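The block underneath contains the structure these notes are about, expressed in C-alpha cells.
The values are calculated or read from the model by the stated rules, or taken from the named source; none is laboratory data. Note that the structure is a prediction, hence the values are computed from the model and not measured. All Cβ positions, glycine included, derive from the backbone under ideal geometry; neighbour counts span all protein chains shown. Surface areas here come from the heavy atoms of the whole protein model, side chains and all, with no ligands, DNA or RNA. Shrake-Rupley method; radii C 1.70, N 1.55, O 1.52, S 1.80 Å.
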Amino acid sequence: MDAHDTGPVAAPPDDPPGDAETPAGGAEARTGVAALSPPYQVGAALALAVVAIVVCVHLTMTFLHVAPSNTVTKRHGDAVGEWIYPEFEQNWKLFAPNPLQQNTAVQVRADVRTADGGVRTTGWYDLSAEDGRAIDGNPLPSHTQQNALRRAWDFYVATHDADNRPVGLRGSLSETYLRRIAVLRLERADAAGPGGALDRVQFRSRTTAVKPPAWSGERGSGRSQTRDLPWWPVTARETEGGVA
C-alpha cells in the first residue's frame, strides 16, 4: 500500500436538525403574544379581555331584547333599549314569533304649486303597491324596495299615538324620515309637473286583516281601517335634496 494512502475518508456527520434555527443559548423561538415584551403582553391581554367583555354584553343585551318579556327586561328594559337602538335594532323575536296578520298600504298625495302660480292637489300615490310591483318577480329586490317604506311607517306608528301626536323624542325624527321618502317618491313620479313645486304632503294608510286559513276556524272581519295623517309642509331644502 502506498505510504501516502490513508484509506477512505469518513464523511462529516450531518448537522443535527434544527441547529440552524435554534437561537444562541439553546432557547426556542417564541411566537405570537409570547414573543412580545412583558409590557406589550399585558396590553394585549387587557385588549382581549375588553373585547371579550363587550362581546358578552352585546350578546346578552341582544338576547334580552328579542326574548319574551321577563323579570330582567321589565326591570332593565330602558338599559337594554339604550344599548340596542338605533345601531343594533332587531325586528324579530324568539320562540315562534307571530307572523304579520295585516296588510298595510301606505299612500301619499301632495299640494303642488304650479308654474302659473296656482295650487292643485294630486291624487293618491300608492307607494306600497309600487314597491310590491318592483319586488314581484324580481329575484334580487333591493333592500330599499323591501324595507325603506315599511320600516319608516312602523317607526312613525311606534312613536305616535292614535291622534298622530308624537310620543317621546323620536317622534319628530320619524316624521322627517317619512316626509323625506314622500318627497323623493313624488319627485320620481314627477307629481309636481313641469315648472311645479311640492308645497305640502299628506300620508294615509289602509290596513286590511289577512284572511285566516279555512282550517283555523277563525273569522276575519274583512274591513279596512284608514288612518289619515296631517298635512306636512315641504321645505325648499327638501325639494333640493337636503333635509329639513
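Here are the numbers for this structure:
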| item | result |
| --- | --- |
| Residues within region 120-145 that are in a loop (DSSP other than H, G, I, E, B), within 23 Å of the chain's Cα centre (by Cα) and surrounded by 14 or more Cβ atoms within 10 Å (Cβ to Cβ), tallied | 1 |
| Number of positions in region 78-88 that are in a helix (DSSP H, G or I), free of Cβ contacts under 8 Å to residues at least 24 places away in the same chain and within 19 Å of residue 55 (Cα to Cα) | 5 |
| Residues of region 157-173 that turn out to be open to solvent by less than 40 Å² (accessible area, probe 1.4 Å), free of Cβ contacts under 8 Å to residues at least 40 places away in the same chain and within 18 Å of residue 207 (Cβ to Cβ), as a count | 2 |
| Cβ pairs under 9 Å, 6+ apart, first in region 104-116 and on the phi > 0 side of the Ramachandran plot and part of a strand (DSSP E or B), second at pLDDT 95 or above and open to solvent by 60 Å² or more (accessible area, probe 1.4 Å) | none |
| Meets criteria (more than 28 Å from residue 223 (Cβ to Cβ) and under 20 Å from the mean Cα position of the chain (by Cα)) for residue 173 | yes |
| Hits in region 188-237 - residues which are modelled with pLDDT under 80 and farther than 21 Å from residue 100 by Cβ | 236, 237 |
| Residues (in a loop (DSSP other than H, G, I, E, B) and of a type in the set (D, E, K, R)) located in region 146-187 | 161, 163, 165, 170 |
